[in-house]
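Structure first, commentary second.
The values are calculated or read from the model by the stated rules, or taken from the named source; none is laboratory data. Values in this document were obtained by computation on a predicted structure and should not be read as measured data. Backbone-built Cβ (ideal geometry, glycine too); neighbour counts: all protein chains shown.
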Amino acid sequence: MAQLISKVQYKNFEIGEFVDIQERGFEETIALINSYPWNTEREKIEISLTNPSITIEGKQNDFLKISVFYHQKFVLHYFDDKQILFTKSFTHLQDAFPFIQTFFGQVPFEPTGFKKENTLFKSNLKHFVTQDFRYFLTPKSIRKYLWSTCWLSFFMTAVLIFIGILATSHPFSFWLRMWMLILIIAVGGGVHLFVFFRYVKYARGKLLVMSRRNDVFYFGEIDNPVKYDKRDLLDYSIKMVSGSRNPYSVFAVTKLNLKDGTIIQVPNILVDHLEMAHKLYAYKIVDDHGFPFL
């Protein structure tokens with residue numbers, strides 16, 4: 001019988017986070033499933049595609065995941081190569097084993113008896129594919145961040161320039177143009193662009209490797225990042241201005257304070273601050289309101 005890659009996911013893992021990834025035969029995979037702490041892992045969880053589970057990768061770019069389900073049940077999720085999701089629930093864990101055995105021996109796998117789920121407009125592949133959680137700047141990510149943080153400023157700049165052109169015939173046109181220049185710098189994108197380029201300069205060439213459950217993470221130069229441990233974290237803060245309507249609330253810096261005095265700063269051009277908070281959910285956060293300069 002075939003050897004297939006299987007991998008383990010525990011509660012509080014983030015999407016795409018797996019451990020104990022290796023090729024196993026059917027018997028080894030069943031032993032892995034039987035040894036999994038299902039009862040403790042299902043406590044206080046919300047049912048989703050990223051849950052305590054064991055995922056098996058097929059030979060046809062398909063996946064079979066056995067996971068916890070409602071009412072102390074279990075569920076098999078079959079995700080085929082066309083990214084269509086099928087599910088089948090079981091009262092007893094052992095009732096799923098014949099389907100797992102068929103998945104090992106039958107190519108392609110036929111999800112007979114499974115329910116076809118509505119996956120329209122859903123991106124479910126991310127729940128089955130292993131992510132490496134490596135964060136670094138790319139031309140695409142820089143363009144996306146520039147647009148998300150500065151588009152309103154560019155619009156305001158265009159409006160102010162248009163008003164300035166109309167005001168050229170005004171007797172106080174010189175002073176009006178000076179005020180327009182000040183407004184362009186303050187509101188129309190000058191500050192936004194300054195912060196944007198500061199973030200790009202700081203983050204270019206840097207790498208962060210961090211997932212939610214793994215205590216070990218790496219940060220530093222992309223060719224030689226430094227190894228750290230979350231258990232050495234004293235606390236962390238997210239520096240940003242208050243108020244969602246503040247035009248500068250799009251910028252944020254996550255600051256990690258380690259017990260040895262090391263400070264690690266991660267601007268949200270590299271990793272979004274909300275995603276960083278999700279990864280550091282088990283650690284103390286302190287308030288740090290203010291402008292997030294680097």
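See the values below:
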{"item": "Among (1) exposed (fewer than 13 other Cβ atoms within 10 Å of the Cβ); (2) under 28 Å from TYR10 (Cβ atoms); (3) basic (Lys, Arg); (4) out of contact with any strand residue (DSSP E or B) (no Cβ under 6 Å at 6 or more places or on another chain), the one test that LYS284 misses", "result": "(4)"}
{"item": "Tabulated pairs, the stretch 101-128, first in the same structural domain as THR55 (by TED's automatic domain parsing) and among the hydroxyl-bearing types (Ser, Thr, Tyr), second modelled with pLDDT of 95 or more and not in a loop (DSSP other than H, G, I, E, B), C-beta under 7 angstrom, 6+ apart or interchain", "result": "THR119/LEU85"}
{"item": "Within the stretch 46-87, considering residues that are modelled with pLDDT under 95 and basic (Lys, Arg), the one nearest to the chain's Cα centre (by Cα)", "result": "LYS82"}
{"item": "LEU125 surrounded by fewer than 19 Cβ atoms within 10 Å (Cβ to Cβ) and within 23 Å of the chain's Cα centre (by Cα)", "result": "yes"}
{"item": "Which listed residue is hydroxyl-bearing (Ser, Thr, Tyr) and surrounded by 14 or more Cβ atoms within 10 Å (Cβ to Cβ), from THR40, THR91, THR102", "result": "THR102"}
{"item": "The stretch 27-42: number of residues that are assigned to a loop (DSSP other than H, G, I, E, B) and not charged (D, E, K, R)", "result": "2"}
{"item": "Boolean, ILE15 is farther than 24 Å from THR119 by Cα and in contact (Cβ under 8 Å) with a residue 24 or more places away in the chain", "result": "no"}
{"item": "Subset of the stretch 8-26 (residues that are in a strand (DSSP E or B) and under 16 Å from VAL68 (Cβ atoms))", "result": "VAL8, GLN9"}
{"item": "Qualifying residue in the stretch 131-148 (condition: hydroxyl-bearing (Ser, Thr, Tyr), within 15 Å of SER67 (Cβ to Cβ) and outside any helix (DSSP H, G or I))", "result": "no"}
{"item": "Count of the stretch 210-222 residues which are assigned to a strand (DSSP E or B) and surrounded by 12 or more Cβ atoms within 10 Å (Cβ to Cβ)", "result": "5"}
{"item": "Unmet requirement for PHE26, which otherwise passes all of (1) surrounded by 13 or more Cβ atoms within 10 Å (Cβ to Cβ); (2) out of contact with any strand residue (DSSP E or B) (no Cβ under 8 Å at 6 or more places or on another chain); (3) modelled with pLDDT under 95", "result": "(3)"}
{"item": "Inter-residue pairs, beta-carbon under 6 Å, first modelled with pLDDT of 90 or more and in the stretch 185-213, second among the hydroxyl-bearing types (Ser, Thr, Tyr) and surrounded by 18 or more Cβ atoms within 10 Å (Cβ to Cβ), 6+ apart", "result": "LEU208/TYR135"}
{"item": "Subset tally (residues that are assigned to a strand (DSSP E or B) and of a type in the set (D, E, K, R)) for the stretch 223-268", "result": "5"}
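This table checks each residue for (1) surrounded by fewer than 18 Cβ atoms within 10 Å (Cβ to Cβ); (2) part of a loop (DSSP other than H, G, I, E, B); (3) of a type outside the set (Val, Ile, Thr).
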{"position": "LYS44", "(1), (2), (3)": "yes, yes, yes"}
{"position": "ILE47", "(1), (2), (3)": "yes, yes, no"}
{"position": "ILE56", "(1), (2), (3)": "no, no, no"}
{"position": "ASN61", "(1), (2), (3)": "yes, yes, yes"}
{"position": "HIS71", "(1), (2), (3)": "yes, no, yes"}
{"position": "HIS77", "(1), (2), (3)": "no, no, yes"}
